[in-house]
Structures are given as C-alpha cells and as structure tokens.
C-alpha cells in the first residue's frame, strides 16, 4: 500500500471479463449505435490507462492524500461479543472522504476523463453518495458536473442534494418512472447520447455496459487489496468469510475480487429484500428474486415482469433500490463462487440501530443490510474464525429516513 | 413476403421517383384498440412503411414524447402478445405495406430470439429495429430473423465513421435507418443539408435504401429530407397528435391521420 505506483489492476485465475466484456453469460455492450463509438473509445482509453504507471501513481496519491486511504480494518469487539461467534472486522470505507466507498471509483474515472480530454461530467445517483463523490472530484478537477437523481431520491436524500449543490454540481431531478436510480440512469444515458462530443459519463457502480463493470471493479478493488494486507498484519491469515451489501454491487465486488482465487474465503453478498422477497415488486433482490435480461447496456439478473418490462422494485435504502445488479455478481452467483442472501427493510433498520449503539458507528442503510446478516455468518463460521464486513458508507444521510421509519420525529432538524 | 415486401416497396417508389414516407406509432398508445384504428388508417393517409413501436419500461434513447407513449401503452395493459395481434389484424387488411417493429432488447430477450422472430414473422412483420442491440451483440438475433425471412434494420448515426459503418452493415437487409442527430427521439431538429453527405455515404457502403429520422417534424423538413434520402421517418409529431387528442372525446385517429396525410403529401411531392 505504501507503493504509490502499484497498479490497481489485479489479475486472478478467472481473469474476466473477456474481450467482449463478458463475465460468463453476463455483461456485454447493449447500447444505442450513437454511443457505440464512444464506448469503444472509452474501452481503448481504459486499456491504455491500465498499463500506464503514471496513471496509477496519480490515482494512489489522490487516494492517500485526498481520500485518506488506507481505510482502517477495525475489530468490532462489541458486535463480536454480542453474537458470540467468529471475530467480526469492519473495513471502514465510511471513513473515506465523502463518507463512502464511491470516491475510490470517482478518483479513477475523473483521471480517465481528463486523459480523454472530456470537459463535462455527468453521473447518476441513487442515495446521493455517488453524486456527492462525483461532484467532489469535479470540484477538485475543475470540471462542470451534472447529476441525475430520481425525484423520489431527491426527496429522501436531501442532505446529499445540498452537498452536491455546495460542491458546484447541478442536480437534475428525474420524474420519469418511479423517480429512483434506474430512471436517473436512463436520463443520464439520454444526456450522453445527446452530448457525445464533450461529455464523460461517470457510472457509479460496477454495472452498465463494458468497460464500466470491469473498470469500476478495478478502481474499487483497492478495498479488497488493503483488506488482504491488513488482515495478514492483524491476524496473520486470511478471513473465513467476507460479507457486503449489493445494489449495483461496486463495494461488494471491490472487496470480493482480490479474494476470488482464495476458495476458503466465503464471499457473501446481501441484497435488499425490501418488504420481503414474496412481495411482488416489493424488493430489490435481483439475484435471489429476479432472472436474466438486458438493461442499461448489459445482460444481468433483473427484476422484470412476465413480458420483460422492468419492475421498479423497492428498498428503504435508496442506494440499493435498483432492479439490476453488476454482471460479475450475476456470474459469481451462477458459478456459485459467491453466495447471495437478503435483508428486509425492517431487519436493516434494526441492524442500523444495533450497530450505532454497540459500536459507536452510524452505518449507512446500504451496509446495514450486510450488518443484519453478519451475526448468522459469524455464528456459522464459529469461534476462532474471522469475518470481514465492508462498512461501505456512513449513515448520517439516512437519519431522516430512519427517524421516519421508526416513528420518531426530528423537529428542529 | 417479409424482406421482399420491403424491397418491393422501395422498388415501386424508385420507379415513381418518390421517397418513402415512414410513419412511426407506438403499439397500444393510448390503448390497443385505439392504436389499431390509427395503424389501419396509415396506408390510406400515405404511409409507405410503418414502424410500430413495442413498448419498453426503460426506453433510453427516446425523448419525452415517445417515453410517455410507452408509459400510456404499458399503463393500458399492452403486452407483446397484443402487439403481434395488432400486426395480424393489420395484415388481414393490407398485404403490401412493410411493417417494421421497433423497440428495445429486453422484451425480445424475454421471449427468446427464435420465438420472437417466428411470432413476429407469422403475424406479418417484415423487419425489426432493436435500439440497444449493436452488431456486437446481434448474432443470435440475426440468425433467428434470417431463419424467418425478417430484416434486422440497422441505425447509422452522426458518430458512425467509415470503419464503424462496415461493422454496422454486416448482415443488414431491407434498408438502413440514418439517425439525423446525436440525441434522443423528437428533440433536436434534423437539417437536410447536414445529412445529405452522410446519406450518400451510407447508401454507397450498404447498397440499400437509406431513410432518415429522429428529428423531422414539419412537412417542409420531411420534404427536404425526401430530396436527399430514400425516405423520411416521422414519429414524435404523430405521437404528439395522439396524446393531444386524449382530453377531447374525438376519435384518437382523426388528427394523427390528417397530419400523416400532410406529411406524406410533402414527401411524395418533394422531388417534383
């Protein structure tokens, strides 16, 4: 980690995606023809950057001095005692600048956008964490930033809207559909197809068309690489299990990917079960409650009706409220390398409060979904074992949603 | 029939030195029955080719007009089965006007390529445009369409260079659709001068007729395009007429078919 020129790109034995951007049956390049030349140009620019040591040197330098990496790997002692199973560690991504893992990816992509000579950045956001991270790097690099955000999300994530505005970004509320993340992504794609000559689309998760799933993963893999080094320093061995929440799946793939070859390390992704997996259109669990299809440039598992129309889905967490999932997760699910479980809104709210009280850490609602399952995993692994949970974001942004959900008011705030 | 229906239509127009007037409407907008009344009236209004949209919940290349048409269609309960049924009923009345399905990949994936191609062909469709299916991802779908004598119509755009054009035109049949502006449907205005060279380039590379769409609204603009291309596609203006007729109790098809007739006349007389 002290080596600032170390390439972030990690090869392992499975070495996907292939040249067509496929992870097994998933991924690919399903975009309108107007965008094809841009996407192919982006792929070439990414391939060039990947091999350029100076690119990675700048990326690592920014991660160290601007983002504050490495993030600590923290022994969650009280939560460990509470469950009485394996030792639980938190990878503290919530301590990053802007309060979540999203900034790791934005640092990488803004450097790529500059390299490509783009002069305008667009982004989509759900919970607002990626929007804030995008606005942050755009301020730092002096580029105009337009963030598309579902109107419902604008309403439930007001603090982040205010942050984006402070950072100089324009937030465009999207009223189409249900006004959530998928609608914001549609609108960002419409902007890109209209402003092809100057605009860089900064996708916030490891989904969408090739090369985004690979690129975002490689920018987020710093999480897993640090975790490897840190757990070896602190415990002298690799963990027995790693658990992370999945919406699009960038924080999860970031911590999973450097461990894919370590077959003794269980990888567990936690999807949002919303009102329950048995409630039609009432959850956002694409893997455990959906089936394969094509949306937003890639083939992956989707929430869809019998006729192939995309469902809106539901989660209390705006960051997980998306009807698809990154194609690499779809592949890991299909080959059984990672296991995917789910957490309801109610369980996530309980875990949110429990972690706040026991650990003195207010977690984001997104990673509260992983926190709700970590006790079972710790018990399953058993005493003497080690579980690492990716604490991907802090929960300050969620206090209004949580207060509302648990029936408390925060008058005066 | 099928691909030969497209070829026959362009041959006839060429013999008359006319460009094609290509009319787009969304199946099931505002509901299946009303859209059938628009569809069946289009040939008499002068449409030479019909593009029939099939609705998708997330139409990422559409402007607001066609997004809302898809929403109206889905809200009224339109399924793919209704779309094929519309085509079947249309074919019972008209055996000569080519009908091209236009939409997005997921409803096609959901049916499976084989079943989609066979069902569409059996109903009487002649080709399909899948907006988010570039040549890189099209092999399976093209195989299925070939087996059913249907054309996969390709979109060429202002961002398509000569190299890309070669990739794009592989395995394409019927005609090529030139997207006149970089953008979504129905927002920017097309300009005949700026598309003239591009159309000639695509005609030369493909050896196929080239129609132009995405930003054509006024009859004058449709006529100007008809002078430099093999056809003018109009969609959003017609869809707007359908939308605007909704608060009235007048039949949905009255205004849209009047507009279609005016546009068709402008296109058909453009080269006189």
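Where does the protein assembly as shown land on Rg(C-alpha)/(2.2 N^0.38 Å)?
Details: Rg = 26.3 Å, N = 685, 2.2 N^0.38 = 26.3 Å.
Normalised Cα radius of gyration, the protein assembly as shown: 1.00.
Let me know the mean shielding of B:58-68 by other chains, meaning the per-residue number of their Cβ atoms within 10 Å of its Cβ.
Numbers: counts 12, 3, 15, 10, 2, 2, 2, 0, 0, 5, 1.
Mean number of neighbouring Cβ atoms from other chains: 5.
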Kindly provide log₁₀ I(q)/I(0) values, in the same order as q = 0.11, 0.15, 0.22, 0.23 Å⁻¹, from the Debye equation applied to equal alpha-carbon scatterers of segment A:246-321. -0.31, -0.56, -1.01, -1.06
Taking segment B:20-126 as the region of interest, what is the percent of Cα-Cα pairs per 5 angstrom bin, listed from the shortest bin to the one with the maximum distance? 2, 13, 25, 26, 20, 12, 2
Calculate I(q)/I(0) for chain B by the Debye formula, one identical point scatterer on each C-alpha and no solvent, and give its log10 at q = 0.10, 0.15 Å⁻¹ to two decimals. -0.44, -1.08
If you average the alpha carbon positions of segment B:185-256 and of segment B:153-181, how far apart do those two centres end up, in angstrom? 17
Radius of gyration and Dmax for segment A:117-201's Cα atoms, expressed in Å? 11.8, 35
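Two decimals is fine: what's Rg over Rh for segment A:8-107, C-alpha atoms, Kirkwood radius as Rh?
1.10
Rounded, prolate or oblate: which one fits segment B:21-60, using the alpha carbon gyration tensor with axes a ≥ b ≥ c (rounded when a/c is under 1.5, else prolate when a/b beats b/c, else oblate)?
Values: a/c = 3.98, a/b = 1.47, b/c = 2.71.
Judged from the Cα gyration tensor, segment B:21-60 comes out oblate (a/c at least 1.5, b/c at or above a/b).
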Kirkwood Rh in Å, taken over all unlike Cα pairs in segment B:105-205: 14.6
Helix-derived [θ] at 222 nm for the protein assembly as shown: sum -39500 (n - 2.57) over DSSP H runs of at least 4, divide by residue count, nearest 500? -13500 deg cm²/dmol
Per residue of B:103-112, count partner chain C-beta atoms within 10 Å of its C-beta, then hand back the mean as an integer. 6
GNM, chain B, Cα, under 10 Å: largest mean-square fluctuation among B:135, B:43, B:247? B:247
Neighbour-count ranking for A:51, B:118 (other C-beta within 10 angstrom, fewest to most) reads A:51, B:118
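If you take each beta carbon of peptide B:153-159 and count the beta carbons of other chains within 10 angstrom, what is the mean?
Values: counts 0, 1, 4, 2, 8, 4, 10.
Other-chain Cβ atoms within 10 Å of each residue's Cβ, averaged: 4.
For A:329, A:369, A:296, B:268, what's the fewest-to-most ordering of other Cβ within 10 Å of each Cβ?
On the way: A:329 31, A:369 35, A:296 27, B:268 20.
Fewest-to-most Cβ neighbours within 10 Å comes out as B:268, A:296, A:329, A:369.
Fewest Cβ neighbours within 10 Å first, please rank B:154, B:91, A:228 accordingly.
Working: B:154 29, B:91 16, A:228 19.
With the sparsest Cβ surroundings first, the list reads B:91, A:228, B:154.
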With springs only between Cα atoms under 10 Å apart, run a GNM on chain B and tell me which of B:11, B:190, B:250 wobbles the most. B:250
Take the alpha-carbon positions of segment A:142-257, form their convex hull, and give its projected area averaged over all directions (one quarter of the hull surface) in nm². 9.4
Among A:114, A:102, A:266, which one moves the most in a GNM of chain A with springs linking Cα atoms closer than 10 Å? A:114
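Quick note: the coordinates plus some simple rules give every number you see, no bench work behind them. What you see is a predicted model; the values in this text were computed from it and never measured. Here Cβ is always computed from backbone atoms with ideal geometry, including for glycine, and neighbour counts include all displayed protein chains.
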